[in-house]
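*Asks:* Dumping the structure here so I can ask a few things about it.
The values are calculated or read from the model by the stated rules, or taken from the named source; none is laboratory data. Note that this is a predicted model, so its numbers are computed, not measured. Virtual Cβ from ideal backbone geometry, glycine too; neighbours counted across all protein chains shown.
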Amino acid sequence: MAKPRSSRHPARKSSSSTMVLTLLLMFSFVVLILLALGILSMPSSSRNSHKAHDLTSIVRKTSDRNGADGERGEQWVEVISWEPRAFVYHNFLSREECEYLIELAKPHMEKSTVVDSETGKSKDSRVRTSSGTFLARGRDKIIRNIEQRIADFTFIPVENGEGLQVLHYEVGQKYEPHFDYFLDEYNTQNGGQRMATLLMYLSDVEEGGETVFPNAKGNISAVPWWNELSECGKGGLSVKPKMGDALLFWSMKPDATLDEHSLHGGCPVIKGNKWSSTKWMRIHEYKA
Ligand SMILES: *[C@@H]1O[C@H](CO)[C@@H](O)[C@H](O)[C@H]1NC(C)=O
């Protein structure tokens, strides 16, 4: 009677160790398949070995949005500088949106002014020779759409934005290097300091008209478009205007102190016409 019991025991032992072995085998097999499919990956140190300040290597593609908002073309964001923090978002606006903004602004263009740093009031100036106009925030569906897209990209709420400014530069017109932040009390009463700027190019410019950052850190001649830049453009890190592209830069560092690397100017247009639109974003709600 005791015999079957004693003979069953070794049998059970061997079957349970076979089971453990089988499970181990199956597990390693699954891991191998996952590795092969690229779902799992081995840790590797080579991935994080990008050179610092190599402006040409920091390109990242975003997914295509399948033309949900008109023919915007392929969109991707390029980091062009960390000091100042500056990014180019390619094909941010569609051609239709660019043309719409220009048509809206055209009848209302006035000579541009600059802020007097002593009084805080607007004044005429030779350092800024463009003409421009403001479009009220949220004035129509197309503008609201663009303003929401700006908020999505910058993570700064629509309410913190000033109205869009549309600017026109003809041959010879320019904006000397300046900061977008204020150094007076008057201009920060509504909305506080300016934190970031999104500059949208509404037209191509045949020659000149670059946005230049004379204080940017890094190898300014490493940009792929270096040979196409005007003399003024070679005076710093430059972005060539291209219809639909947007340039985002921050006037503040992450610790909310003012970033002097954000000094920027509009180079004189040498050939063609430059149309652009600017969104300034404040640290608080800006009461429009
Ligand atoms: C800057 O970049 C250019 C173009 O890539 C290169 O020829 C030059 O050697 C670089 N200069 C420095 C100081 O790294």
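*Asks:* For residues in the range 171-201 being touching a Pro at 6+ places or on another chain (Cβ under 9 Å) and outside any strand (DSSP E or B), which is nearest to the ligand (Cβ to nearest atom)?
*Replies:* Looking at the filtered set, the residue picked out is Lys174.
*Asks:* Can you find, within the range 216-238, the residue that is farthest from the ligand (Cβ to nearest atom) among those that are more than 19 Å from the chain's Cα centre (by Cα) and polar (S, T, N, Q)?
*Replies:* Ser230
*Asks:* Now for a separate question. Search the range 208-225 for residues that are among the polar types (S, T, N, Q) and pair each with any residue that is within 12 Å of the ligand (Cβ to nearest atom) and at pLDDT below 95 when their beta-carbon atoms are under 7 Å apart and the residues are at least 6 apart or on different chains.
*Replies:* Sorted first by the residue in the range 208-225, then by its partner, the pairs are Asn219/His53; Asn219/Leu55.
*Asks:* Please note which strands (runs of 3 or more DSSP E) are completely contained in the range 95-169 and include at least 3 residues that are closer than 25 Å to Leu183 by Cα and of a type outside the set (Lys, Arg).
*Replies:* Counting at least 3 such residues, we get 113-115, 131-135, 164-169.
*Asks:* Among the residues of the range 158-181, count how many are in contact with a helix residue (DSSP H, G or I) (Cβ under 7 Å, 6 or more places away or on another chain) and either exposed (fewer than 14 other Cβ atoms within 10 Å of the Cβ) or free of Cβ contacts under 8 Å to residues at least 24 places away in the same chain (or both).
*Replies:* Of the residues in that region, 1 qualify.
*Asks:* A further question on this structure: Please pick out the residue among Asp140, Asp184 that is surrounded by fewer than 20 Cβ atoms within 10 Å (Cβ to Cβ), free of Cβ contacts under 8 Å to residues at least 12 places away in the same chain and of a type in the set (Asp, Glu).
*Replies:* Of the residues listed, the single one that is surrounded by fewer than 20 Cβ atoms within 10 Å (Cβ to Cβ), free of Cβ contacts under 8 Å to residues at least 12 places away in the same chain and of a type in the set (Asp, Glu) is Asp140.
*Asks:* Here is a check on your reading of the model: is Glu71 loosely packed, with under 15 Cβ neighbours inside 10 Å, modelled with pLDDT of 95 or more and over 28 Å from Ala256 (Cα atoms)?
*Replies:* Judged against the criteria, Glu71 is not a match.
*Asks:* Out of all the residues in the range 159-178, is one or more out of contact with any Ser or Thr (no Cβ under 6 Å at 6 or more places or on another chain), in the same structural domain as Gly236 (by TED's automatic domain parsing), more than 16 Å from His264 (Cα to Cα) and hydroxyl-bearing (Ser, Thr, Tyr)?
*Replies:* No: the range 159-178 contains no residue that is out of contact with any Ser or Thr (no Cβ under 6 Å at 6 or more places or on another chain), in the same structural domain as Gly236 (by TED's automatic domain parsing), more than 16 Å from His264 (Cα to Cα) and hydroxyl-bearing (Ser, Thr, Tyr).
Condition check ((1) of a type in the set (Lys, Arg); (2) modelled with pLDDT under 95; (3) within 22 Å of the chain's Cα centre (by Cα)) across all residues:
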residue: Lys141; (1), (2), (3): yes, no, no
residue: Ala151; (1), (2), (3): no, no, yes
residue: Glu159; (1), (2), (3): no, no, yes
residue: Gln165; (1), (2), (3): no, no, yes
residue: Tyr186; (1), (2), (3): no, yes, no
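This table checks each residue for (1) under 21 Å from Met195 (Cβ atoms); (2) in contact with a His (Cβ under 9 Å, 6 or more places away or on another chain).
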| position | (1), (2) |
| --- | --- |
| Lys121 | no, no |
| Thr133 | no, yes |
| Ile142 | no, no |
| Phe155 | yes, no |
| Glu162 | yes, no |
| Tyr181 | yes, no |
